[in-house]
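Enquirer: Have a look at the structure that comes next, please.
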Amino acid sequence: MTDAVEVRPITEPEFQDWQRALSIGFLRPPNFTADQLDARRRQFVPGRLLGAFDGPLPHSRLRSNGGTPIVATFRSFDQELTAVGGATVPADAISNVTVTATHRRRGLLTRMMSQDLAAAKERGDVVATLIAAEYPIYGRYGFGPATTLTEWTIEVQRAGLDARWSRPEDGGRIDLVDGEDIRKLGPDLHERFRRSTPGAISRSDLWWQLRTGVVRFEDDWKEPCFAVYRSAAGEVEGIASYESDDNWQGKQPYNTAEVHWLLGTSPAAERALWHYLCSIDWITRVKSGRRSPDDLLPHYLPDPRAARITDQADWLWVRILDVVRALEARTYDTAGSLVLEVADRQGLAGGRFRLDASPDGASCTPTTDTPDLALDIAELASVWLGDQSVARLHTLGRVQEERVGAAREADALLRASGRPWCPDIF
């Protein structure tokens, strides 16, 4: 029976069993070295790791401390998300969600999600975020896909770039650095980047430690290469992290450079870093990693067709917990007023709201006025960052017009000049 399964925050002594259940849920080896477990304990925050406990079952091999078996896992942590216009909002970032195959269809995820979202609402988080491993799961909890991921593969020989290129033409320079340099230079660059990028999320100190090898969750971690772009004035404006394989056929190189992440605060920085990656000896392909669907990458190449899309899908999902603060946090390029009827099956953020917005600011207030549009909280999340079209969702039957023409008006008001982008996974 479901009632026999207890859902609650885990204690620190239960972390090893929780981590084992998480690995089994993600089809990963369930055993860890002491060093790996100590590294992962850095993610333990009291009250933010939930487990579902079923039992007791004596002599279970899934328990290291003689406790009740953990059959589902759930973790959340503090995050900041950038809204349209550059303001950030506090977010409840959700990760490490698993339910053991023996306990599916018992409502365990619903119980964990409900408990976590209620706590996030109480804390004052404006939104919750996650990266959905499977599409159908999270819409029923009010999450909507809010950014899109695109990956390109560049065929270097077709790109049309000068193979003899050795430095940027704008007076800047590219330096190869190590992880220690990245830990010093990266956080400031990322702060500047995310403040201007809707959909971007904050990176913790642990994020930088994991990407530079100071903290290692796995034994097979391999140090990447790091390239830094400095402008002519000496300011760091871009960083790329990448690795390459070693593939030779018949004395000919067919090596691929795979980008882990590449950030630039200027087009000059991005152009120079992509040109550098395409000019490395023996590299015949460059995989871009996670980019925005309207990324300028193909157009930095003399032949944009040399960059072909090899993956495109939904990426960051958002769940709005406070409609008023979410709509007031972002900016608007045009002026307009809308009354929105927002449905929320979880009862966390629904209601009727009047949005009065202009380039000078926005006001959102509960109202009893006749609605212009009716939509689910998940659809509101999909349009909040400007990635989705209200008119398109109306055509699909996911937004209802209560006043003729309101969908197009909302589209003009809520769309942004660029697509939102979240380059990170969590």
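The values are calculated or read from the model by the stated rules, or taken from the named source; none is laboratory data. Keep in mind that this is a model prediction, so the values were computed, not measured. Glycine also receives a Cβ, built like all others from the backbone with ideal geometry; neighbour counts cover every protein chain displayed. When the accessible area is computed, the model is the full protein with side chains, heavy atoms only, and any ligands, DNA or RNA have been set aside. Shrake-Rupley method; radii C 1.70, N 1.55, O 1.52, S 1.80 Å.
Enquirer: Against the conditions (1) at pLDDT below 95; (2) under 30 Å from His299 (Cβ atoms); (3) touching a helix residue (DSSP H, G or I) at 6+ places or on another chain (Cβ under 8 Å), where does Ala163 fall short? Just the number, please.
Expert: Of the numbered conditions (1) at pLDDT below 95; (2) under 30 Å from His299 (Cβ atoms); (3) touching a helix residue (DSSP H, G or I) at 6+ places or on another chain (Cβ under 8 Å), the odd one out for Ala163 is (3).
Enquirer: Same structure again: So which of Arg123, Arg140, Arg111 is within 25 Å of Leu414 (Cα to Cα) and open to solvent by 40 Å² or more (accessible area, probe 1.4 Å)? Outline the logic, then answer.
Expert: Details: Arg123 fails: within 25 Å of Leu414 (Cα to Cα); Arg111 fails: within 25 Å of Leu414 (Cα to Cα).
Checking each option against the conditions leaves just Arg140.
Enquirer: Another one. Condition first: acidic (Asp, Glu) and modelled with pLDDT of 95 or more. Now tell me which residues in the stretch 191-222 satisfy that. Give the steps one after another, and end with the answer.
Expert: If we filter the stretch 191-222 for residues that are acidic (Asp, Glu), which is where we start, we get 191, 205, 218-220.
If the condition is that a residue be acidic (Asp, Glu) and modelled with pLDDT of 95 or more, then Glu191, Asp205 are the ones that fit.
Condition check ((1) more than 27 Å from the chain's Cα centre (by Cα); (2) farther than 22 Å from Val89 by Cβ; (3) of a type in the set (Ser, Thr, Tyr)) across all residues:
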residue: Thr331; (1), (2), (3): no, no, yes
residue: Ala335; (1), (2), (3): yes, yes, no
residue: Asp344; (1), (2), (3): no, no, no
residue: Leu348; (1), (2), (3): no, no, no
residue: Pro359; (1), (2), (3): yes, no, no
residue: Pro366; (1), (2), (3): yes, no, no
residue: Pro371; (1), (2), (3): yes, yes, no
residue: Ala378; (1), (2), (3): no, no, no
residue: Ala381; (1), (2), (3): no, no, no
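Enquirer: Are there any pairs, at least 6 apart or on different chains, whose C-beta atoms fall under 6 Å, with the first in the stretch 4-32 and under 18 Å from Arg111 (Cα atoms) and the second part of a helix (DSSP H, G or I), and if so, which?
Expert: Within 6 Å, the pairs are Val7/Arg111; Val7/Met112; Ile10/Trp18.
Enquirer: Sticking with this one: Does at least one position in the stretch 402-422 carry a residue that is closer than 28 Å to Arg75 by Cβ, modelled with pLDDT of 95 or more and not in a loop (DSSP other than H, G, I, E, B)? Quick ask: steps written out before the conclusion?
Expert: Step one: filter the stretch 402-422 for residues closer than 28 Å to Arg75 by Cβ, giving 420-422.
The next check asks that each one be modelled with pLDDT of 95 or more; those that pass are 420-422.
With not in a loop (DSSP other than H, G, I, E, B) added as a condition, the list becomes none.
No, every residue in the stretch 402-422 fails to be closer than 28 Å to Arg75 by Cβ, modelled with pLDDT of 95 or more and not in a loop (DSSP other than H, G, I, E, B).
Enquirer: Kindly provide the set of residues from the stretch 73-91 that are under 12 Å from the mean Cα position of the chain (by Cα) and either among the acidic types (Asp, Glu) or over 17 Å from Trp315 (Cα atoms) (or both), ordered by number. Spell out how you get there, then give the answer.
Expert: Let us first name the residues in the stretch 73-91 that are under 12 Å from the mean Cα position of the chain (by Cα), namely 79-82, 91.
The answer is Glu80, and nothing else.
Enquirer: For the stretch 136-175, which positions are more than 30 Å from Leu385 (Cα to Cα), in a loop (DSSP other than H, G, I, E, B) and touching a strand residue (DSSP E or B) at 6+ places or on another chain (Cβ under 8 Å)?
Expert: Start the filter on the stretch 136-175 by keeping residues that are more than 30 Å from Leu385 (Cα to Cα), which leaves 155-175.
Of the ones still in play, those that are also in a loop (DSSP other than H, G, I, E, B) are 159-172.
If the condition is that a residue be more than 30 Å from Leu385 (Cα to Cα), in a loop (DSSP other than H, G, I, E, B) and touching a strand residue (DSSP E or B) at 6+ places or on another chain (Cβ under 8 Å), then Ala159, Arg167, Pro168, Gly172 are the ones that fit.
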